[in-house]
Every structure is written in C-alpha cells, then in structure tokens.
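Working notes for the structure below.
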Amino acid sequence: MKRRKLFALFMTAAMAVSSMGMAVNVFAEEDTTEEAAESEEPAEGEPTAVTTVGPDDGTKYEMWSFVDLHNEFYGKMVEKWNEENPDKQIQITFSTYPYSDMHNKLMMSLQAGSGAPDLCDIEIGQFPNYSGDDSPLYSMNDALAPYEDTMVQSRLDVYSKADGTRLGVPFHVGATVMYWNADLLESYGLDYKSVKTWDDYTKLGEELKEASNGEVYLTSVDTGGVDWMWLAMAENGEDWTGGPDGTVNVQLDSVKEMLTMQQNWLNDGIAMVSTDGHVDLEAGFSNIMDGKIASFPKAMWYMSRFKDYMPEMEGKYDITTCPVFEEGQKCSVGIGGTGTVVTNQCENPELAAEWLAWAKCSEEGENLIWNELGFDVCNTALWSDEAFAYDESNTYNTFFRVKPYEVLNELAENDAIGTVYTTKNSPTLNDYMCTTTLNNVLEDGMDVEEALQDAQDYLDFECE
C-alpha cells in the first residue's frame, strides 16, 4: 500500500511540472508493479540491468523499461526478427530502471531534447504526460496498420492522441474477471457458478459465513486500490474522471452503490478489509493460500501471481465473468497496462516502429506474450485459435478450472468490457481515494455520502 501511495504522490508532482499536455482516449489504470521482478537497489539514476541483443552491424537502438521480464521478452523478439529479416538487422541495448526513476528520467530527457532512448515502455498511468497535442512520441499509425483490424481498439486508443494518432503499443487487454476458490466453496457445498448479480454474490457470502462458522470470508475489499470502483463504474457506464474533456465527479451512483455494498459486507461479516490494502502483495497471497477469502475480482494478468507466488493453488481456482448490479450490464473493465513507444529522438524511427509493432502484435509476439508473460493478448484473431488459446502446454490453461480464453471470448462475444478513462487528474483522484476515502468508509465506517462529499470538495480544489 505504501508503494502505491508513493507512486501516486510522485505522479501528482510530475504532472504538475509536465508540459507534455493532457491525455485522452485512455482508461483504467492500476497495477504499477505489473509483473516486476525483484532486484537490488541501484545507484541513483543507474539501471538495474543492461543487456545488448543483436549483431554489431545491425541498426542500433537503445530501449528502456521498468520491468526485467519485458526486456527479456523484447530481447527474444529481436532474435526472432533478425532470423526472419536478414536485410533489416537490428541491435538493441536494453536498460531496466526502477519504476519512478525511469519515468522521471524519460520525462526530463524528452523535455530537454536529448538523452532519451529510441524506444521505451510507459506505464498506463504515466501516459497522460506524453500524449498531448505536442507529444514527443513518434506516430505508430503506419507500423500498426497491418494489425489494426484484429487488435482490441480500446487498448490502442488508450495510447493514442485525441486525433487518433497511435503513440504506443499495448501488452494486454487486462480484462477484469472473478477468481474463485472453487475447491473451498465446493467443500462447503456452495454453487458459485450460479452467481450472476451482486445480490447473488451477497447471498453466497451469507451462505459461506454460515457454512464456515464465519472462518472464511467471501472476499476482501480494497483500501489501497480502486479496482472495485472501476468495475462498478464500467458496469453502469459511468466514469469519475469525466472522460477526456470532463470534470472529476466521485459522487456517482455506481461508486456509492459499490461502497455501500462493501460496507454492508464488512458489517455483516462476509468480507474483510484487504490486508495491506489489496490482494496483490504478499499478505494478499497468504490470505488466498490460507483459504481466508474465497473470491475476488482482478485483471487477467493476475494469473501470473498464482503461477509465480501461489503454485500450490493449481487446480483449485476457477475464473468467471464478474457479477453485475443488473443482468445485461457490462461485466469487466481493462486494468493496468504498458504502452511501448518510439521517441522523437530516435534516428531511425520507421524501422524501430515496424519492429515494435511486429514484436507486440504479430502472432509470433503474441504467442510469447501469452505463453511466457501470461497476458490476455490484444490480437483478437488469436482468441479462438485452438493452437494458440487452448494449448495445454500453456501453464495457465491447466492451472485453472477453465481455459482463460474461454472467459475472454465470452466477454468479447457480449461486448462486455467497459471503459474508464485515465486523465491528468487520475493520480490526484486515485491517491485521495486510496489514502483517505476508502479508509474512511471501509476501515472507519464513515457514511458513504459524507465521505464522497469530502472527496469531491478536495478534488474540486486540486483538479483542473
């Protein structure tokens, strides 16, 4: 939770001094530690790892990321590219920096007009700094053209300018789904598969409390993350940022309804407050492994947490679409993400853009993204491809009770993934919700209307 708060504070300060302009066409930010690997603390401003891949006679590029696994992926895609393109050889030097260091260094070098890398990862919450009218990023329109028709458009839009110019290439959809401890629920004779609405979910929680003598909670509610709020807004077609040109408004019916429902769950003993603020930290993993909670909503990228930190849960968990307030609503929202860009300081941007689009959107790249990173890919042409989506040599197709792309195809078939935008006001909004409002409501039992009024008064003063 502390790391999240520090990130939000950094973002607020960085955006205040940024001259990059306002972002539009963006939605749902969250997981800033996405699939980050542990590393020793480097000297200030120094990378934690540097690797060069490709021949010395290839076109040379420099690339930055804040995740080691991303650079490992890109390195493999350089090797594949060079094998398939003997006339367009490239060599890339990859540097991995701590999250805040990298984004701050990138911003400063782009503003200074020198020192920026040729290519770089930018986390979705940071993208508002770079996608204004005077964006310092190279247009990816031509490079993405061969893949545009099969890509999830909202995931391309999230890294675009207001005029539709594509600036970044996504890793994943980040579709929010419900994770269920099927083994645990079945041991109590409870039917989670019949849950369609939040009323059904609440009823299941009451049944679980009775069956387990109050020893197992249906879920944990977050004070250090806003995933639940985004899901509620997406289901009701609302957005507290007001969208690209709107005004911040946290006093939405969807937010009130979700917070009131969660407060009732806590009062009734069918939910607990997430230890350390959310389930994506060690304490959250422990609660899952110990069977202390039986379900929770999270993006599909959370599957990798099971594989990496909770391997003993293999075969015990199921994945379904999320409950809704009213049947027929959208039941998912895209959360998290990394857009990879070519900067305006790149001397050979056309080749860099061509390689980048191929690396992250082609069948070769998407196979590596799915099989090694465990992300729900954006190239929809592959979702129903048996060899790609349902191959049991893929860890995630055997880890859970369902093959993940079965759920993703259900979402796609029903156009069920909603939108929440990320704007320059998002860091201030999210920080206040996570440091103040959610704690007031869920920890201290403050009246929801009163807590949201306090939040609105603060945000009216702080946000543009």
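When Thr51 is tested against the conditions (1) part of a loop (DSSP other than H, G, I, E, B); (2) touching a strand residue (DSSP E or B) at 6+ places or on another chain (Cβ under 7 Å); (3) surrounded by fewer than 24 Cβ atoms within 10 Å (Cβ to Cβ), the lone failure is (1). Counting only helices (runs of 4 or more DSSP H) wholly contained in segment 404-464, the ones carrying 3 or more residues that are more than 25 Å from the chain's Cα centre (by Cα) occupy 448-462.
Here Thr197, Thr247 are screened, and the one residue that is farther than 19 Å from Val448 by Cα, surrounded by fewer than 21 Cβ atoms within 10 Å (Cβ to Cβ), of a type in the set (S, T, N, Q) and at pLDDT 95 or above is Thr197.
Among the conditions (1) touching an Asp or Glu at 6+ places or on another chain (Cβ under 6 Å); (2) hydrophobic (A, V, I, L, M, F, W, C); (3) modelled with pLDDT under 95, Ala412 misses just one, which is (1).
Entry remark, segment 364-384: residues being more than 21 Å from the chain's Cα centre (by Cα) and modelled with pLDDT of 95 or more number 1 in total. Cβ separations smaller than 6 Å between residues 6+ apart or across chains give the following pairs from segment 67-95 residues that are on the phi < 0 side of the Ramachandran plot and modelled with pLDDT under 95 to residues that are assigned to a strand (DSSP E or B) and crowded, with 18+ Cβ neighbours inside 10 Å: Asp68/Thr96.
The helices (runs of 4 or more DSSP H) falling completely within segment 275-370 that include 3 or more residues that are in contact with a helix residue (DSSP H, G or I) (Cβ under 8 Å, 6 or more places away or on another chain) and small (Gly, Ala, Ser) map to 282-289, 349-361. Is it the case, given these coordinates, that Asp183 is in contact (Cβ under 8 Å) with a residue 40 or more places away in the chain and more than 24 Å from the chain's Cα centre (by Cα)? Yes; evaluated as a whole, the condition is true for this residue.
The values are calculated or read from the model by the stated rules, or taken from the named source; none is laboratory data. This structure is a prediction, so every number in the text was calculated from the model and none was measured. Note that we place each Cβ from the backbone using ideal geometry, even for glycine, and neighbour counts take in every protein chain shown.
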